[in-house]
Amino acid sequence: MDRYAPFLIAASAAILLLFGSLHLWYTVRGKLFKPRDAALEARMKEVAPLISRETTMWKAWVGFNASHSLGAMFFGLLYLYLSLQHQLFLMGEPVLLALGLLLLIGYNVLARAYWFSVPRRGIAVASVLYALALSLDWF
């Protein structure tokens, strides 16, 4: 095991934890995810999606953003913990390492298709750190 690899994974995980935490804060407390058009927000609070009349587009929007945040936070907390407290275990588990890489690849795909520059760059940096850790450890 390369001695720096777990710390690169920890840095990658910390970025996801930070971004996920900020995203959750902005979702439930901030105003940054509100539409610039107040009429659009009002309509989103009135209109139900086709899948169910038990929610509104606004509640779905908030819920999707919050659950997305929790996923990033979970990844960050789990990989930060494992990389700092259980380095030998994590670095000896190719399935966990591959799953982390796959998640980051998925976030990169989403970032390029749907997100703006700040989270796109953060995910890119986290991914580079993670990939560097794997390359140091595997090659």
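See the values below:
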{"item": "Magnitude of the charge dipole, the stretch 19-139, Cβ model with Lys/Arg +1 and Asp/Glu -1, debye to 20", "result": "560"}
{"item": "Per-peptide average of other Cβ atoms within 10 Å, ordering 81-89, 27-35 highest first", "result": "81-89, 27-35"}
{"item": "Accessible area (Å², per residue) of the stretch 29-139, counting only protein heavy atoms and a probe of 1.4 Å", "result": "68"}
{"item": "Cβ-Cβ FRET estimate between residue 38 and residue 3, R0 fixed at 35 Å, reported to 0.05", "result": "0.05"}
{"item": "Option label - semi-axes √(5λ) of the Cα gyration tensor in Å computed here, alternatives (1) 21, 19, 15; (2) 35, 14, 13; (3) 31, 16, 12", "result": "(2)"}
{"item": "Label-point gap, in nm, between residue 135 and residue 66 - each point 7 angstrom along Cα→Cβ", "result": "4.0"}
{"item": "Estimated 222 nm signal from helices in the chain, with DSSP H stretches of n ≥ 4 weighted -39500 (n - 2.57), rounded to 500", "result": "-27000 deg cm²/dmol"}
{"item": "Top of 36, 112, 121 by mean-square fluctuation, Gaussian network on the chain, Cα under 10 Å", "result": "36"}
{"item": "Solvent-accessible area, 1.4 Å probe, carbon plus sulfur percent, for the stretch 3-135", "result": "69"}
{"item": "FRET efficiency, residue 55 to residue 85 (Cβ-Cβ, R0 30 Å, nearest 0.05)", "result": "0.15"}
{"item": "Rounded tilt (10° steps) of 57-85 against the dominant C-alpha axis of the chain", "result": "10"}
{"item": "Sparse-neighbour loop sites [chymotrypsin sites (Phe, Trp or Tyr not before Pro); the stretch 90-138; at most 15 other C-beta within 10 Å; DSSP]", "result": "115, 116"}
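The values are calculated or read from the model by the stated rules, or taken from the named source; none is laboratory data. Only a predicted model underlies this, so the values are computations on that prediction, with no experimental measurement involved. When we count neighbours, we look across all protein chains shown, and the Cβ atoms used for this are built from the backbone with ideal geometry, even at glycine. Note: areas computed on protein heavy atoms with side chains; ligands, DNA, RNA excluded. Shrake-Rupley method; radii C 1.70, N 1.55, O 1.52, S 1.80 Å.
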